[in-house]
1. Kindly list the number of the only condition in (1) within 14 Å of the chain's Cα centre (by Cα); (2) assigned to a strand (DSSP E or B) that fails for Val139.
2. If I ask for residues that are assigned to a helix (DSSP H, G or I) and open to solvent by 40 Å² or more (accessible area, probe 1.4 Å), which ones from the stretch 199-215 would you list?
3. Regarding the stretch 113-132, can at least one residue be identified that is part of a loop (DSSP other than H, G, I, E, B), within 21 Å of Met177 (Cβ to Cβ) and not aromatic (Phe, Trp, Tyr)?
4. Could you run through the stretch 72-92 and say how many residues are charged (D, E, K, R), farther than 14 Å from Ala119 by Cα and assigned to a helix (DSSP H, G or I)?
5. Suppose the filter is of a type outside the set (Asp, Glu), free of Cβ contacts under 8 Å to residues at least 12 places away in the same chain, closer than 30 Å to Leu24 by Cβ and open to solvent by less than 60 Å² (accessible area, probe 1.4 Å); does Ala218 pass it?
6. Would you confirm whether or not the stretch 98-112 contains a residue that is assigned to a helix (DSSP H, G or I), open to solvent by 20 Å² or more (accessible area, probe 1.4 Å), free of Cβ contacts under 8 Å to residues at least 60 places away in the same chain and out of contact with any Phe, Trp or Tyr (no Cβ under 9 Å at 6 or more places or on another chain)?
7. What are the residues in the stretch 59-71 that are open to solvent by less than 50 Å² (accessible area, probe 1.4 Å) and outside any strand (DSSP E or B), if any?
8. Answer with yes or no whether Glu94 is more than 17 Å from Pro132 (Cβ to Cβ) and without any contact (Cβ under 8 Å) to a residue 24 or more places away in the chain.
Amino acid sequence: MSHRHLVDVALGDRSYPIHIGPGLAGEVGTLLQEHLASGKVLVIADEHVAQLHGRRVVDALVESSLKVHLETFPRGETSKTLEQAERLWRACAEHRIDRSDTVIALGGGVTGDLAGYVAACWMRGVRLVQMPTTLLAMVDSSVGGKTGVNSAAGKNLIGAFKQPTCVIIDTELVATMDDREYRAGLAEVLKYGVIKDAGFFAWQEAHAAELAARDPDAVARAVAVSCRIKADYVSEDEFEQGARAQLNYGHTFGHALERETGYREYLHGEAVGIGMRMATRLSRDLGLLPDDGLAQRQDALLAAYHLPIVHRAADPAAVARRLAGHCRLDKKVAAGRTRFILPLRLGEVALHDSPEEDAVIAAFASAIIGG
């Protein structure tokens, strides 16, 4: 079928396929037969996703004669803890999960991070399959092997690189997402066009209405191209020592905004969308980006995806200064230098170290309005 796609993540003997298309949740048993010799399968999902999709996935696995257990945890970022990981490790012990067995992470980014970390550590690593159920996880966190939990020290500071055996993306599952969450995922789709593929950006401009309306063919195509771009970065720079950092376009600004608002006001993709506007402004101010219409085109696509483009604050100037301070605490700070990914033109970005504090404050201020 035309809207089925296969993307390879090339990592030598640890290479793996990403299967993309509608209806794959019901075929997971068949798809996994080529990747799993035998053994038990532990499906990990949050309570909400387990209710929506758990039965279908478990039934499909059982049909392929696999022995399956399902473990759930409370929904949300607050479950990404060592305490939850410990509870899931106890479940691994109860179900006698060993190195011939497999953990399936069924859910959004939180599940992928938590279940991935559980799989990375249990017996020093058991097989992992990522089955993302949100657009954001489909185009970003399910590919590339980054896993982890939060702690008092900060977000995602405890973790491991754990590449999956395969990724199975059933694009029909976006139908069960709430609207705001779905739109937030489109910010990351937009990001791939800006950082690497001007043609993909233009395709999004032409199909923004279909993407916003979750047209199945448009979603499958957007997910496939996004995964291809992400896979190229991962193949080139698996452990994020260099080029892979470009995937953080808009994120340094976005993380500061999330932190400032206590992770309560914005979904991750919404904060990143505002962050991309701030990054474009910083690039213009530093003379790195000619006025070639990128800012306007990016704004128009964010608006077509119904994403917020400004942050409202009672005292914009004070908030801009505080946000610049938050950047110094971001985990992408290297050797004390704040690093920003800035656009040079549509389809090309570069890493910029330690711009002047005043320029960073001005970039934040450019997307904050009083109110």
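The values are calculated or read from the model by the stated rules, or taken from the named source; none is laboratory data. Computed from a prediction, not measured in an experiment: that's the story for all the values here. In this analysis, Cβ positions are derived from the backbone assuming ideal geometry, glycine residues included, and neighbour counts consider all displayed protein chains. Heavy atoms of the whole protein, side chains included, go into the accessibility calculation; ligands, DNA and RNA do not. Shrake-Rupley method; radii C 1.70, N 1.55, O 1.52, S 1.80 Å.
1. (2)
2. First, the residues of the stretch 199-215 that are assigned to a helix (DSSP H, G or I): 199-212.
Once the filter is applied, which keeps residues that are assigned to a helix (DSSP H, G or I) and open to solvent by 40 Å² or more (accessible area, probe 1.4 Å), the stretch 199-215 yields Gly199, Ala202, Glu205, Ala206, His207, Ala209, Glu210.
3. Looking only at the stretch 113-132, we keep the residues that are part of a loop (DSSP other than H, G, I, E, B), and these are 125-126.
Keeping just the survivors that are within 21 Å of Met177 (Cβ to Cβ) gives none.
The answer is no; no qualifying residue exists.
4. Of the residues in the stretch 72-92, 2 are charged (D, E, K, R), farther than 14 Å from Ala119 by Cα and assigned to a helix (DSSP H, G or I).
5. yes
6. Of the residues in the stretch 98-112, the ones assigned to a helix (DSSP H, G or I) are 109-112.
From what is left, the residues that are open to solvent by 20 Å² or more (accessible area, probe 1.4 Å) are 109-110.
Within this subset, residues satisfying the condition of being free of Cβ contacts under 8 Å to residues at least 60 places away in the same chain are none.
No, the stretch 98-112 has no match at all.
7. Matches in the stretch 59-71: Ala60, Leu61, Ser64, Leu66.
8. When the stated conditions are applied, Glu94 passes them.
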